[in-house]
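What follows is a single structure, written as structure tokens, with notes after it.
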Amino acid sequence: MADQPLIFARDLVKRFGDFTAVNGIDLEVAPGEAFGFLGPNGAGKSSTMRMIGCVSVPTSGQLRILGMDPAREGTAIRARLGVCPQLDNLDPDLTVRENLTTYARYFGLSRAESGRRADELLEFVRLSDRAKGKVEPLSGGMKRRLTIARALVNEPDLVLLDEPTTGLDPQARHLLWERLFRLKQRGTTLVLTTHYMDEAEQLCDRLVVMDGGKIIASGSPRSLIETYSTAEVLELRFPDGLDLNGDYAAKLEGVGERIDPLPDRVLVYADDGDAALAEVHRRGLTPSSVLVRRSTLEDVFLQLTGRTLVD
Amino acid sequence: MTAGTLHPTLAVFGRQLALYRRLWQASVFSSFVLPVLFLVSIGIGVGRYVGTLEGVDYLAWIVPGVLASTVLQISMGESTYAVLGDFKWSRAYHAMRATPVRPVDIVCGHLLYLVLRAEVAVVAFLLVVVFFGGLHSPWSLVAPLVCAVLTVATAAPVTAFAAAIDHDSYFALLYRFVVIPSTLFAGVFFPVEQLPAVVRPLAYASPLWHGVELCRAATLGRVTAWPPVVHVGYLLLWAVGGVTLAVLAFKRRLED
Ligand SMILES: Nc1ncnc2c1ncn2[C@@H]1O[C@H](COP(=O)(O)OP(=O)(O)OP(=O)(O)O)[C@@H](O)[C@H]1O
Ligand SMILES: [Mg+2]
């Protein structure tokens, strides 16, 4: 059991009619790992997550979850999963606490045990003071926290989080990250999808970049950056840049390893950002703003697809 | 992991009860006060002009009809918008689907809850009716049993319908062309024998009429014109067929 992957997929395909949402992916997620799917809208992240969650049947390919076959043992697998779907599906007419207790009962837990876990989890996601209140007036971040608490009510071996923090303000996101990080430290296996490279960098030991239903790169956040980007990035904004960034890129030819003109700025990829900046000045260019930063997964994505991740 | 003890069907039933605890006040009027008002106004008011029907006073004659049509109202009221809503708006069924709860558990938990809802209304209604002298036989005790079968026979196919459609405008059609006509012509207010022979088969096809016939035999303490096993068998056919279709519809809708 120890070395057996919790998720094993080979050439996994999901089609809707003649549209291919997931186009032959391979996955292996080991116990205790925090694994991420990074990709733009429509990449096939949720479709993959639903297959892993045993609520969607693969069109073809091999899939084993917790060492079992979803087609035959879906119920037994789901009993050991915790799922936080992309769209919240809390019961709006029940209280916050009832949302947890009724859900716990779906896993066959006794009334007393359900109540005990509900109280414990409300504490964990800091919603104890809202226990008796309705779900409806909760903020987006609170609803998300409640959905995550609900996903933990059966003490799952594998937690699936589909865009846990999309649409939340930075403060709410950080609180969620901190909670998820705690879970990870307890050894819970986490699989999450995200549009946010900072989220992926913070939480994931290993991730795959998906685009158009395919995995286009995989590895740890650091190794992806090392493979597909330079150590640093120089961001230049020019006062008349909007239409002329293409021209500026031409003038920057040879500075750093690669130049990427975006609509609002020009990116210069270089292992030494300050040296690259000195070269920019030497060529007599006068950007209105300058930023030297470390490479991120956003840059990896741009390099791999020629597109930005969040549109 | 803790070993499961509670059956998932009962867990779904439990969720429905938790919802009912929040929303029961809204249902008291439609499932209890309204039928009694109905009975009083039509049974006593109209009864003054009708006098007796088939040898009993009109009030006693329509008691089983109002009883069965109340069951139909509850079946309909809880299996249309509520079911579609749990697919489309709250997505509560999708939440259940991600757990060990299977589509068959969702359908059965829902129906079990409806039987309870119907039984509460039925028993309350019968207790009131006793004071009006509306029950003529100890066989009346069988009426709640008939109502339980009628609940499933009507709620299950409607649940299947709600799980198969995408827009609530279909419910208006269901009410207009199925529920209202069957309430009017299924022997609730007058015997189906008074209908023109061509439309009578429609009454015979309706599960409501079979429920009404059985309830009437029970509360008036007399035999049905058709063998009771035909009525019961027909209701069971709707119940089993309805549950089968509902489970299939839930499976299809929750599996994408
Ligand atoms: N049930 C469905 N029927 C038809 N097409 C679907 C269905 N579910 C998803 N798709 C399509 O499959 C593609 C991948 O969708 P998916 O939801 O997996 O993407 P995603 O990576 O999760 O995107 P997002 O970041 O927007 O959530 C999309 O083009 C989507 O329109
Ligand atoms: Mg998605």
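What follows draws every value from the coordinates through simple rules; no lab data is involved. All figures in this text were calculated on a predicted structure; none of them were measured in a lab. Cβ placement follows ideal geometry from the backbone for every residue including glycine, while neighbour counts extend to all protein chains displayed.
Considering only A:PRO164, A:PRO137, A:PRO31, the mean-square fluctuation computed in a Gaussian network model of chain A, springs between alpha carbons under 10 angstrom, is largest for A:PRO137.
For chain A, a Gaussian network of Cα nodes joined below 10 Å ranks A:PHE301, A:PHE238, A:PHE16 by mean-square fluctuation, and the top entry is A:PHE16.
Other residues whose C-beta falls under 13 angstrom from the C-beta of B:LEU111 contribute a net charge of -2, scoring Lys and Arg +1 and Asp and Glu -1. For the stretch A:33-44, the Karplus equation 6.51 cos²θ - 1.76 cosθ + 1.60, evaluated at θ = phi - 60°, returns couplings of 7, 10, 10, x, 10, 10, x, x, 4, x, 5, x Hz by residue, with Gly and Pro reported as x.
Per residue of chain A, the DSSP helices (runs of n ≥ 4 H) give a summed -39500 (n - 2.57) that works out to -11000 deg cm²/dmol at 222 nm.
Loop-located trypsin sites (Lys or Arg not before Pro) in the stretch A:144-189 (DSSP state other than H, G, I, E, B) with a sparse environment of at most 16 neighbouring Cβ atoms within 10 Å: A:ARG186.
Taking every DSSP beta bridge with both residues inside the protein assembly as shown, roughly what % is antiparallel (nearest 5)? Kindly include the intermediate steps, with their values, before the conclusion.
On the way: 37 of 55 bridges.
Percentage antiparallel, nearest 5: 65.
Between B:ALA148, B:PHE161, B:LEU39, whose Cα lies farthest towards the positive end of the dipole of chain B when Lys and Arg beta carbons carry +1 and Asp and Glu beta carbons carry -1, centred on the Cα centre? Ranked along the dipole, the leading option is B:PHE161.
Remark: C-alpha extents of the protein assembly as shown on the principal axes read 111, 51, 46 Å, sorted largest to smallest.
Give a quick list of GluC sites (Glu not before Pro) in the stretch A:91-136 that DSSP marks as loop, anything other than H, G, I, E or B, with at most 15 other Cβ atoms within 10 Å. For GluC sites (Glu not before Pro) across the stretch A:91-136 that sit outside H, G, I, E and B with at most 15 neighbouring Cβ atoms in 10 Å, the list is empty. Just to verify a number: FRET efficiency for A:LYS214 and B:VAL232, C-beta to C-beta distance, R0 = 60 Å, to 0.05? My answer for the efficiency is 0.55.
What is the gain in length, in nm to one decimal, between B:THR52 and B:THR244 on full extension, counting 0.36 nm per residue of separation less the C-alpha to C-alpha distance? Intermediate values should be presented prior to the final figure.
Values: separation 192, 0.36 × 192 = 69.12 nm, distance 4.23 nm.
Here the segment from B:THR52 to B:THR244 would lengthen by 64.9 nm.
Extending 7 Å from the Cα toward the beta-carbon at both B:LEU141 and A:ALA131 defines two label points whose distance is 4.5 nm. Using only Cα atoms, tell me the angle between helix B:143-164 and the longest principal axis of chain B; keep it within 0 to 90° and round to the nearest 10. Approximately 50 degrees, to the nearest 10. Averaged over the residues of peptide B:6-17, the number of Cβ atoms from other protein chains lying within 10 Å of each residue's Cβ is 4. Here the stretch B:60-77 is scanned for amide nitrogen atoms under 11 Å from the site 7 Å beyond the Cα of B:SER30 along Cα-to-Cβ, giving B:73-77. Projecting the Cα atoms of B:VAL128, B:ALA92, A:ALA217 onto the dipole axis of the protein assembly as shown, where Lys and Arg carry +1 and Asp and Glu carry -1 at the beta carbon, places B:VAL128 farthest toward the positive end. A DSSP coil position with no more than 13 other Cβ atoms inside 10 Å describes the following chymotrypsin sites (Phe, Trp or Tyr not before Pro) in the stretch B:61-165: B:TRP89. Per-residue mean of foreign Cβ neighbours for A:79-87 is 3 (Cβ atoms of other chains, 10 Å radius). Compared with the dominant Cα axis of chain A, that is its longest principal axis, helix A:140-151 is turned about 50°.
Sorting check: for A:20-28, B:242-250, which peptide has the highest mean count of neighbouring beta carbons within 10 Å, and how do the rest follow?
Values: A:20-28: 18.4, B:242-250: 21.1.
Result, highest mean first: B:242-250, A:20-28.
Rounded to whole numbers, the Karplus 3J(HN,Hα) couplings from phi for the stretch A:276-285 are 5, 5, 4, 5, 4, 5, 4, 7, x, 8 Hz, using 6.51 cos²θ - 1.76 cosθ + 1.60 with θ = phi - 60°, and x at Gly and Pro. Around the amide H of A:GLY24, modelled in the peptide plane, lie the amide H atoms of A:LEU12, A:VAL13, A:LYS14, all under 5 Å away and 5 or more residues distant in sequence or on another chain. Bin by bin, in steps of 5 Å, what percent of the Cα pairs in the stretch B:8-254 do you find, going until the bin that has the longest distance? Result returned by the calculation: 1, 6, 14, 18, 19, 16, 11, 7, 5, 2, 0, 0. Sorted on the mean count of surrounding Cβ atoms within 10 Å across their residues, most packed first, peptides B:213-220, B:152-159, B:8-15 read B:152-159, B:213-220, B:8-15. In this structure the amide hydrogen of A:LEU262, modeled in the peptide plane, comes within under 5 Å of the amide hydrogens of A:LEU267, none closer than 5 places in sequence on its chain. With a Cα cut-off of under 23 Å and a minimum spacing of 8 residues unless on different chains, the lysine pairs in chain A number 8. Between the beta carbons of A:SER110 and B:LEU173, assuming R0 = 51 Å, the FRET efficiency works out to 0.70 to the nearest 0.05. What is the helix-to-structure angle for A:241-251, meaning the angle in degrees between its Cα long axis and the longest Cα principal axis of chain A, kept from 0 to 90 and rounded to the nearest 10? It works out to around 60 degrees. Averaged over peptide B:87-98, the number of partner chain Cβ atoms lying within 10 Å of each residue's Cβ comes to 6.
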